[in-house]
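Enquirer: Below is the structure I would like to discuss, written out as structure tokens.
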Amino acid sequence: MSIEYVDMPAERTDMGGYTLTEHASLATLNTLRVPARTNLLADIRDAAKLPELLDFPAVRQGRLLVLGEGSNVLFTSDFNGTVLLMSTRGVQVENDGDSARIAVAAGERWDDFVRWTLGQGFAGLENLILVPGTVGAAPIQNIGAYGCEVAEFVESVEAWDIHERRVVTLEHATCAFAYRDSVFKHEPGRYIVTAVRFVLPRSRPLCTDYAGIAEELRRMAVDTPAPFHVAEAVVRLRTRKLPDPAVIGNAGSFFKNPIVDAALAGALKLEHPELPAWPQTGGRSKISAAWMIEAAGFKGLREGDAGISNRHALVLVNHGNASGSQLWALAQKVMLGVHEKFGVQLKPEPVVIGAR
Ligand code: EPU
């Protein structure tokens with residue numbers, strides 16, 4: 001006789017301002033759509049309730065993972081701890097004039113916020129349209145696309161400091177922003193971002209020099225682009241180049257573009273003159289991970305339901321029922337292959353949970 005195991009329904013309790021669910025499924029809470037569970041899921045709608053929630057012994061003593069839209073995480077195992085789902089909402093505009101300070105709750109969807117800023121006539125975030133994730137996640141990895149990084153517009157970040165047990169405001173300089181990097185990555189587990197304060201101008205020179213944008217604007221027959229034209233061009237480019245997470249599970253770029261020293265960059269350029277490279281400070285170079293992955297023959301590779309997108313080599317995709325560990329195994333194979341061919345160590349952009 002075979003026994004069929006059925007998942008027990010999870011126990012869910014509304015605590016006023018947040019909801020607790022024991023042994024909760026995370027399958028719909030990560031855009032790679034891998035099955036995983038957490039001991040406790042806390043869905044927070046009111047950031048003021050954070051101290052109360054964090055004081056529960058089970059929460060205080062265990063591990064903590066903050067999730068927004070789950071677009072930058074790979075679960076290779078269940079999470080043995082508490083997952084905090086930031087669902088806070090709200091946008092507050094201060095000092096509206098030639099520019100405005102805009103405070104946004106961490107749980108707002110990034111793309112909704114970008115579209116709202118464009119609708120209100122603000123400039124700056126147009127190149128960052130369609131980036132998946134929440135506003136609270138944006139400064140953590142300093143999201144960037146089409147020649148623009150969010151850091152440029154972040155005045156400060158409000159967070160709950162777990163060490164100091166109080167709300168802190170981290171000014172721009174303290175955030176230590178760099179390529180896909182910030183203080184929040186240097187001190188993982190210390191801060192829970194609760195809100196981000198942006199300064200957005202009403203007008204500024206548009207950033208259209210990133211490969212593809214100017215051509216797309218010409219195709220759209222736009223001579224004097226406004227921010228919403230640039231946004232439309234980026235939407236067209238992204239929809240063509242990147243797989244849609246609503247259609248196929250993915251977490252955007254899975255690999256960061258490595259920054260290498262001048263000697264290695266020079267040697268690589270000699271051997272592979274077509275390798276795209278962008279100069280950085282101190283003679284270093286940021287080199288294209290996608291190009292190396294494609295040149296190593298991994299673009300479009302599929303093993304079971306784990307794959308590398310055939311549209312963009314940086315994107316790890318779940319064709320259906322891949323587990324997190326199958327996806328991670330494929331990612332490691334790609335990293336090894338690129339290292340063997342180019343002597344460059346790729347690093348994952350998302351947080352990989354449970355990887356050994
Ligand atoms: N390329 C390949 N093969 C590919 C894709 C790209 O050889 O399959 C080459 C292109 O020919 C181009 C170069 O790689 O010369 C750069 O490609 P692309 O413009 O697509 O940018 P990327 O450096 O690969 C970064 C971001 C993306 C962002 C794009 C566009 C990282 C890790 N990724 O990718 O961000 O959309 O620029 O600005 O920096 C994300 O972070 O999730 C993300 C999608």
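Enquirer: Could you put 94, 215 in order of accessible surface area, largest first, with the 1.4 Å probe and the full protein assembly present?
Expert: Greatest to least solvent exposure: 215, 94.
Enquirer: Now for a separate question. Give the accessible surface of the stretch 18-102 per residue, rounded to a whole number of Å², with probe radius 1.4 Å and ligands, DNA and RNA excluded.
Expert: 45
Enquirer: While we're here: Under a point spin-label approximation (7 Å from Cα along Cα-to-Cβ), what is the residue 356-residue 241 distance to one decimal in nm?
Expert: 3.8
Enquirer: Return the Cα extents of the chain along principal axes one, two and three, sorted largest first, each rounded to a whole Å.
Expert: 62, 57, 38
Enquirer: Please work out the Kirkwood hydrodynamic radius for the stretch 215-276, using every pair of different C-alpha atoms, and report it in angstroms with one decimal place.
Expert: After inverting the mean inverse Cα-Cα distance, the result is 15.0 Å.
Enquirer: Going by average Cβ density within 10 Å per residue, which order do the peptides 261-268, 106-113 take, highest to lowest?
Expert: Ranked by mean Cβ neighbours within 10 Å, highest first: 106-113, 261-268.
Enquirer: Restricting to Cα atoms and excluding each atom paired with itself, what does the Kirkwood estimate give for the stretch 39-95 in Å?
Expert: Kirkwood radius, the stretch 39-95: 12.7 Å.
Enquirer: Relative contact order, percent, of the stretch 12-86 when contacts are C-alpha pairs under 8 Å separated by at least 6 residues?
Expert: Over the stretch 12-86, the number comes to 35 percent.
Enquirer: Let me ask another. How high is the FRET efficiency from residue 311 to residue 58, r the C-beta distance, R0 30 Å, rounded to 0.05?
Expert: Efficiency at R0 = 30 Å is approximately 0.10.
Enquirer: Using a 1.4 Å probe over the heavy atoms of the protein chains, calculate the carbon and sulfur portion of the accessible area of the chain as a whole percent.
Expert: Heavy-atom surface of the chain belonging to carbon and sulfur, 1.4 Å probe: 51 percent.
Enquirer: Could you order peptides 160-166, 142-148, 97-103 by the average number of other Cβ atoms within 10 Å of their residues, highest first?
Expert: In decreasing order of mean packing, 160-166, 142-148, 97-103 become 142-148, 97-103, 160-166.
Enquirer: Continuing with this model, one more query. So what J values fall out for the stretch 177-192 if you push phi through Karplus, 6.51 cos²θ - 1.76 cosθ + 1.60 with θ = phi - 60°, rounded to Hz, Gly and Pro as x?
Expert: 5, 8, 4, 6, 8, 6, 4, 5, 7, 6, 10, x, x, 8, 10, 10
Enquirer: Using 0.36 nm per residue of separation minus the Cα-Cα distance, give me the extension gain between residue 162 and residue 45 in nm, one decimal.
Expert: 40.3 nm
Enquirer: If you stretched the chain out fully between residue 204 and residue 274, how much longer would it get, using 0.36 nm times the residue separation minus the C-alpha to C-alpha distance?
Expert: 21.9 nm
Enquirer: Give or take rounding to whole Å, what are the principal axis extents of the alpha carbon atoms in the stretch 188-292, in descending order?
Expert: On the principal axes, the stretch 188-292 reaches 44, 42, 34 Å in Cα extent.
Enquirer: How large is the Kirkwood hydrodynamic radius of the stretch 249-353, in angstrom, based on all distinct alpha carbon pairs?
Expert: Kirkwood radius, the stretch 249-353: 14.0 Å.
Enquirer: Which residues' amide hydrogens lie under 5 Å from the amide hydrogen of residue 99, considering only partners 5 or more residues apart or on another chain, with H built in the peptide plane?
Expert: Long-range HN contacts for residue 99: 202.
Enquirer: Further, regarding this structure: What residues qualify as long-range amide H neighbours of residue 74, i.e. H under 5 Å apart, gap of 5 or more or another chain, H built at 1.01 Å from N?
Expert: Counting only residues 5 or more places away or on other chains, the set is 351, 352, 353.
The values are calculated or read from the model by the stated rules, or taken from the named source; none is laboratory data. Here the structure is a predicted model, which means the values were calculated and not measured. Cβ atoms come from the backbone with ideal geometry, glycine included; neighbour counts cover every protein chain shown. Note: areas computed on protein heavy atoms with side chains; ligands, DNA, RNA excluded. Shrake-Rupley method; radii C 1.70, N 1.55, O 1.52, S 1.80 Å.
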